[in-house]
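The values are calculated or read from the model by the stated rules, or taken from the named source; none is laboratory data. Every value quoted in this text rests on a predicted model; they were computed, and no experiment measured them. Cβ placement follows ideal geometry from the backbone for every residue including glycine, while neighbour counts extend to all protein chains displayed.
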């Protein structure tokens with residue numbers, strides 16, 4: 001399978017998604033969306049859309065987002081496998097006609113999400129924990145797109161994940177994070193760690209990272225294996 005990853009900043013790459021692709025023998029190419037031309041729809045079998053500190057509505061300041069949104073829309077329409085992480089999930093919601101906006105709270109750190117009944121009965125999440133602790137780093141959220149299946153929520157954010165059709169999976173949280181990726185966010189986005197009910201400090205995040213990465217990367221591999229066979 002040919003995978004194309006859309007990256008928005010140098011410090012948020014595919015991380016464990018790239019590890020999964022390598023382990024499964026899939027070819028992955030990365031497009032740096034802020035400075036490279038978007039590929040054509042025939043250049044890939046699966047599209048991965050990563051996170052970033054910008055917003056899904058920042059088209060005026062970052063006009064390259066328009067071309068990226070067009071590609072995401074085309075990939076979903078063509079029934080390609082699409083995985084959006086954080087900003088990537090918000091961009092998926094946007095192209096599917098849903099509103100993306102500031103959440104009432106920032107979520108930063110290792111925090112639990114609750115899988116919905118639909119997620120627990122789906123083939124993608126069957127047998128996985130009902131309330132996994134995952135890595136969060138976001139201030140925006142999205143409404144559920146029309147026709148999408150709601151998959152997860154948290155105390156601080158109603159819409160944490162959805163499935164559009166059979167193959168377009170949006171995840172607000174980071175199950176792809178590695179220890180190095182967590183450190184990169186702590187270094188580059190420390191200014192976002194303003195006090196709040198769902199914002200952990202750096203020491204708490206680091207203390208939970210080794211075990212958190214081990215669990216969530218295993219969770220990720222299972223979900224991606226199932227999505228690849230969908």
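Overview of results
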read-out: Odd one out for residue 129 among (1) modelled with pLDDT under 95; (2) under 16 Å from the mean Cα position of the chain (by Cα); (3) more than 17 Å from residue 163 (Cα to Cα); value: (2)
read-out: Boolean, residue 119 is closer than 14 Å to residue 170 by Cα, modelled with pLDDT of 95 or more, under 18 Å from the mean Cα position of the chain (by Cα) and in a helix (DSSP H, G or I); value: no
read-out: Residue count for the range 180-207, restricted to those that are in a helix (DSSP H, G or I) and surrounded by fewer than 14 Cβ atoms within 10 Å (Cβ to Cβ); value: 7
read-out: Candidates 55, 25, 84 - the one that is within 22 Å of residue 222 (Cα to Cα) and within 16 Å of the chain's Cα centre (by Cα); value: 84
read-out: Test: residue 210 is modelled with pLDDT under 95 and surrounded by fewer than 19 Cβ atoms within 10 Å (Cβ to Cβ); value: no
read-out: Test: residue in the range 142-149 that is in contact with a helix residue (DSSP H, G or I) (Cβ under 9 Å, 6 or more places away or on another chain) and assigned to a strand (DSSP E or B); value: yes
read-out: Residue match in the range 72-88 (condition: modelled with pLDDT of 95 or more, surrounded by fewer than 15 Cβ atoms within 10 Å (Cβ to Cβ) and touching a helix residue (DSSP H, G or I) at 6+ places or on another chain (Cβ under 7 Å)); value: yes
read-out: Enumeration of residues in the range 71-85 that are in contact with a strand residue (DSSP E or B) (Cβ under 9 Å, 6 or more places away or on another chain) and in a loop (DSSP other than H, G, I, E, B); value: 79, 80
read-out: One residue from 147, 127 being surrounded by fewer than 16 Cβ atoms within 10 Å (Cβ to Cβ) and under 20 Å from residue 20 (Cβ atoms); value: 127
read-out: Test for residue 68: is it in contact (Cβ under 8 Å) with a residue 40 or more places away in the chain, in a helix (DSSP H, G or I) and surrounded by 19 or more Cβ atoms within 10 Å (Cβ to Cβ); value: yes
read-out: Residue 47 at pLDDT 95 or above, closer than 23 Å to residue 10 by Cα and touching a strand residue (DSSP E or B) at 6+ places or on another chain (Cβ under 8 Å); value: yes
read-out: All positions within the range 96-108 that are surrounded by fewer than 22 Cβ atoms within 10 Å (Cβ to Cβ) and either more than 20 Å from residue 56 (Cβ to Cβ) or within 15 Å of the chain's Cα centre (by Cα) (or both); value: 100
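Matching residues to (1) touching a residue at least 40 places away in the same chain (Cβ under 8 Å); (2) touching a helix residue (DSSP H, G or I) at 6+ places or on another chain (Cβ under 8 Å); (3) not in a loop (DSSP other than H, G, I, E, B):
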{"position": "93", "(1), (2), (3)": "yes, no, yes"}
{"position": "108", "(1), (2), (3)": "yes, yes, yes"}
{"position": "131", "(1), (2), (3)": "no, no, no"}
{"position": "156", "(1), (2), (3)": "yes, no, no"}
